Each structure stands twice: as C-alpha cells, then as structure tokens.
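Each remark here refers to the structure printed beneath this line.
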Amino acid sequence: MSAETKSIYSPREIPLSSARLSDFPNNPIACLQQVHEECGEIAQIQEDGSKIVCVFDPKLIQQVLTDSQRFHSHFFALRGAKKSSQRRLTNGLLTMNGDEHRQHRRMVMKPFALPSIPAYDSIAERLTSEMLEEWQVGDVRDLDAELTTLMRRLTSAVLFGMDYPELSEAIGHATDRWVRLNHDTGMAAYVSGSFSDQYEELLQLAADLEERIRDLLQKRRQSKELGQDVLSILMQAHGRDGSIDDSQLIGHITLLFGAAHLTTAHTLIWTLFQLAQSPSIMRQLDAELESTTPEERTWDDKTSWGYRVLRESMRTLPASAYLQRFCSEPVDLGAYHLPAGTGVLFSQYMTHHRPEIYEAPYEYRPERWDHISPTPYQYFPFGAGPRMCIGAPMAMRSMGSILPKILRTFRLTVVPDAEINANVISTMLAPTTPVPVQVHAPDGQFSASRITGSILSLVDLPEMPSLGALRKAA
Ligand code: HEM
C-alpha cells in the first residue's frame, strides 16, 4: 500500500474512537481506557477537524520515544505571543528539538550527573527533619500540602542553591496555578482552535510567575558567588558567553522547578498513601527499615523492599501519566502513515496496566518485581530515549532518603472515610483533593482505612476494609 492511501485521514487505517477530544482533559485516563477498549493498539480521537493519534502498543511507543528527529516534543500549552511571559515560560527543554535540544540538555544535565547526586543527601535530610519536627502524634496532616512544600524547598535549595522558604512557596504556588490553567486552556485551544475565555487569566498568571522567577534571579545574583548548581550554570551561560538567551533562561528555570518538585511530590504522596493502605506490605518494609542503619538504606538495591515498593508505586500511579509528540515530517509508524503535524499521545498509566506484562495490573504488589523485568518501553515512569528525564537519579535518591525517614519516625493511617480524588493535570497524575493522614507513634500497628473517591478507580488496594467488614468489626 502506498503512503498516500495509508493516510490517517482514512478512518479505515487508524480506527476512529467515539471519544471526543473535548472529553480528554476532563479525565484523560478514562478517555484513554475507552479508546483502547474500543479500538485496540492505535486509535485516533478527533473533534472539529483536530485529531490526536493514541498509541498503546509498547513497540510503537518505542519507535515514538527513540525517533526524536521525526517525533518532536511540544508543549500542549498555548505558547503565547512572541514577546509574552507565556512564550518565555514555555521555552524550556520540552519545547526544544534537534541540535538546540541536544546542546541545552547537555548544559542543563551537568549538575544531575550521578557523581553530584550524593552531595544533595544532607539537604534532603535536613529539610525532611524540619518538616517532621512540626508533626506531632495525633495530628492530621495533608500529605499533598506537606510534601509539596517539602519538595518546593528541596528543589529550590538543590537546583538553585537557595533555601528561601517564602520565595520557593511563592514560586511554587504561582507554578501550580499556571500549570492547572495551562491544562484547561491548552486543550481547549487544541480542540476548538480558538482561545478559551480563560486566556487573559493565563497571561496574567504567566506574567506573575515570571516576575517571581526574576526575583529569584536577582536574589541569587546578590546573595553569593555563582556555584555548580543549575541556576549558576544557566546564569553563566546567559551572562558571559551568551549561549542561552533571556527567554530560554526563564523557560529552563520554569520547567526545571515545575518538573522537579511536582512529579517528586506526587510520587511521594502516592507511595505513602498506597503503603498506608497496604498493612502487610508495610510490615515487611518496616522490618527491613528496622534492621538497617540510615547509611545502609539505599532504595536502589534491587533486592530491597524499598526498591520494589517505589518501583511498584511508580507503576500503579505514575506521576507522569502520559506524554505527547508531534510529527515533524510525514512518518510511518509501524504499519500506519502519519502526516506531518499529527499529534501522538501515549501513556505510562495505560502501559503500566497491560495484563500481559503485569498480572493483576491494578493491584499494588511490590513483590512482582522479583520476577518481572519489563523493557524500557513497557515501564517508563521517567520516559525513555533521548528525552528521558534528566532528574531521574536525583529523584530516586531523594525519595529513597525521604520515605524511610518519614516511615521510621511515624506510622501513618489515612483518615477514615476520607474522599481521595486524583486526576491528570498537564500530563501529571496529581491529587485533586487533600490526602489526610493521621500521625501515630511508630508502633508497628499498621491498618488500612475505608476511603472513597476517584483514586479507587485507579488502583486496587486489596487490604482496604469494605464497608461490611467495618460494620462487623464495630
Ligand atoms: C519522580 C520524579 C520525576 C518523574 C516521574 C519525572 C518524569 C519525567 C518524564 C516522564 C519525562 C519525559 C518527558 C517526555 O519524554 O516528554 C521527564 C523529562 C524531564 N524531567 Fe523529569 N521527572 C521527575 C523528576 C525530575 C526532576 C527532579 C527534575 C529536575 C532536576 C526533572 C527534570 C526534567 C526535565 C528538564 C525533563 C525534560 C528532558 C528533555 O526534554 O530532554 N524531572 N521527566
């Protein structure tokens, strides 16, 4: 069959789902599940002349992730007018392609190379201790608020060489609001081709966030000599040799701060939540933590419970739930032909729940990692290929020190009857309501609580008491 006759515009070639593009932003995972169920391994969703191709087969995902020349990265967010704050904020690595991407990635990656990572341990340790000193037995704490604040501070200290809690909170809040509005307006524009009525608000939030980032730059310039942190490297490249321009500097800082603190906070929240709801796993992890010293507790040892728990958390509730690309030129994807400009979407959440790779895929079973070894395209919480997350080693190391410290200091239970909701916002699987936990002494009396909310449609925690069991116990 010739390339012309295989055009995606022929619905016989790539099955057309009955889902509409405008369904997607409300609940991306439910929409992808529907599309996969209806159409199989590749499908298109369309509306009003706009289309996205969804790819589910890991072999096709491999092609998309590895061929960065034809499958370009692109923000789904609105880019904004040429000289706007919105344009500058979206100018980070995720918008760059080709030589520009390679050159900037090399520069930004320097402080995240493996040998630099242990230097960040003491900062993670200090900031986690400070958070835990505020917690008292009997408190109810919202994991979302606590861990997001912790990660904002850690990210600011590690990435930018500055621990100014107020400034990192202010940038964090502004980033959060901006990310959420990007989700709504970006998808609305993609579907209807017109700007939504929230566009003006988005531009205002972008201007506000940029102002705060410029405050950070000014404070850093005034506070001390530039060092080896990523902000110093970027500022040197901007000021002295001019290899990055003003707009790229703002874009890199925005992406690094958002990508680093939100994803890591969400992974910590989902891990603590799933552990609190899985008493028998928690007992085994606790025994391991008790028999090792903090120095011995490295969660990158594949035989440890810590390693399996974290890997399984990033499988069941991956902080990055889907990724997207655009075809920079016409391309054959497996047996299909995609014209230039086609949007391609693929999902970690969907891939991590394929039953032929993961038995009982919705169940949280850390022990499965003893006998499975998926390929990098069957399990990719940090992406894969030339755009794989540059912060993965740092994120794993910091989570591997923060989690044991929390779990050794307190026992956590989810507040009974809490409604815990989650949704995908700008590709990230995030809590959309608080995740309240009760703080107990570390007495080993682990127990799950009955809860409600949309989280129950995303992960199956078999030890959670049903309403009937609770009534019986009462
Ligand atoms: C658990 C935590 C994290 C998760 C789950 C995560 C996930 C991801 C994923 C899936 C990608 C690939 C995006 C794509 O292919 O389109 C990515 C890219 C990226 N991540 Fe992370 N990330 C995490 C932590 C971090 C940290 C700590 C940093 C900063 C130090 C960071 C900075 C970046 C950057 C700059 C990119 C873009 C790379 C490029 O386009 O070349 N991430 N991340």
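The values are calculated or read from the model by the stated rules, or taken from the named source; none is laboratory data. If you're wondering where the values come from, they're calculated on a predicted model, not measured in any experiment. Note that we place each Cβ from the backbone using ideal geometry, even for glycine, and neighbour counts take in every protein chain shown.
Screening the range 114-136 for residues that are surrounded by fewer than 13 Cβ atoms within 10 Å (Cβ to Cβ) and touching a residue at least 12 places away in the same chain (Cβ under 8 Å) and picking the one that is farthest from F257 (Cα to Cα) gives Q136. Of everything in the range 406-440 that is within 16 Å of the ligand (Cβ to nearest atom) and assigned to a loop (DSSP other than H, G, I, E, B), the residue that is nearest to E296 (Cα to Cα) is T427.
For I29, which of the numbered conditions (1) modelled with pLDDT under 95; (2) under 30 Å from L203 (Cβ atoms) fails to hold? It fails just one condition, (1). Counting only helices (runs of 4 or more DSSP H) wholly contained in the range 12-125, the ones carrying 1 or more residues that are basic (K, R) and either more than 15 Å from the ligand (Cβ to nearest atom) or farther than 25 Å from S247 by Cα (or both) occupy 58-66, 85-89.
Please list, ordered by residue number, the strands (runs of 3 or more DSSP E) wholly in the range 317-405 having 1 or more residues that are in contact with a Leu (Cβ under 8 Å, 6 or more places away or on another chain) and within 12 Å of the ligand (Cβ to nearest atom). Break it down into steps so the answer makes sense when it comes.
On the way: elements: 322-327, 331-333, 336-338, 343-347.
Ranges flagged: 322-327, 343-347.
For the range 205-218, the condition of being modelled with pLDDT of 80 or more, away from the ligand (no atom under 16 Å from the Cβ) and over 27 Å from the mean Cα position of the chain (by Cα) holds for at least one residue. Can you tell me how many residues in the range 413-427 are modelled with pLDDT under 95 and either in contact with a strand residue (DSSP E or B) (Cβ under 6 Å, 6 or more places away or on another chain) or polar (S, T, N, Q) (or both)? Number satisfying all stated conditions: 2.
If the condition is being more than 15 Å from the ligand (Cβ to nearest atom), at pLDDT 90 or above and not acidic (D, E), then the range 146-169 contributes only T149.
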